[in-house]
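Each remark here refers to the structure printed beneath this line.
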Amino acid sequence: YRPLDSTKSQIRLITPLFDHPHPLPRFTLEEVSLEENPSYSALSYVWGDAQIKRAILVDDRVVLVTKNLFSALINVHVPASRIWIDAICINQEDDDEKSWQVQLMREIYVQAEYTAA
């Protein structure tokens, strides 16, 4: 993960890639500022059993996600092409980032054009 700028209310968004068949779902990841009112949908889901993982590709790197998130990613259709999902868009290994991103979550959901649950 590239660092986010908390002073600019930056978040990460993923974009599904459907350009060619691939055995794993593929996504790109980008940083945007909430101050610029980006277009995106938010996905809210139940994490489920954290021990059961499935693989996806984010910027051509394998990322393991819960079975519930994997299912949501391949089955949920949202209007905006970019999606915010906490488990992928927040660096789960960085406690400082998690702390201030959690404080932004209300604004993240409010600004989303659509929220799928």
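Readers should treat all values here as calculations from the given coordinates under stated rules, not as data from a laboratory. Since we're looking at a predicted model, the values are computed, not measured. We place every Cβ from the backbone using ideal geometry, glycine too, and count neighbours over all the protein chains shown.
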In whole Hz, the Karplus estimates of ³J(HN,Hα) for region 6-15 (6.51, -1.76, 1.60; θ = phi - 60°; x where Gly or Pro) are 5, 6, 10, 6, 6, 9, 10, 10, 9, 10
Among GluC sites (Glu not before Pro) in region 22-111, those in a DSSP loop whose Cβ has at most 12 other Cβ atoms within 10 Å are E93
Charge tally for neighbours of H22 with beta carbon under 15 Å away, counting Lys, Arg as +1 and Asp, Glu as -1, is 0
Whole-Hz Karplus couplings 3J(HN,Hα) for region 23-34, θ = phi - 60° and coefficients 6.51, -1.76, 1.60, Gly and Pro as x, run x, 10, x, 10, 9, 10, 10, 9, 9, 9, 9, 4
For region 6-116, averaging the sequence separation of alpha carbon pairs under 8 Å that lie six or more residues apart and dividing by its residue count, the contact order in percent is 33 percent
Sites removed, the longest contiguous part of the chain containing no DSSP-loop chymotrypsin sites (Phe, Trp or Tyr not before Pro) with at most 16 other Cβ within 10 Å is 48-117
Ranked on Cβ counts within 10 Å of their own Cβ, fewest leading, D19, D96, D86 go D19, D96, D86
Mean-square fluctuation maximum in Gaussian network of the chain, Cα pairs under 10 Å, restricted to A72, A50, A80, hits A50
Relative to the chain, whose Cα atoms define the longest principal axis, helix 95-111 and its Cα axis are tilted in degrees, nearest 10, by 90 degrees
Exposure-ranked with fewest Cβ neighbours within 10 Å first, V46, V58, V102 stand as V46, V102, V58
Region 25-54 scanned against label point 7 Å out from E107 along Cα→C-beta; backbone N under 13 Å for 32-38
Going residue by residue through region 83-88, the Karplus relation 6.51 cos²θ - 1.76 cosθ + 1.60 with θ = phi - 60° gives ³J(HN,Hα) values, rounded to whole Hz and with x marking Gly or Pro, of 10, 9, 9, 3, 5, 9
In whole Å, largest first, the alpha carbons of region 6-116 cover along the principal axes 38, 29, 23
Taking a crude spin-label model, label points 7 Å out from Cα along the C-beta direction, the S33 to A55 distance in nm is 3.8 nm
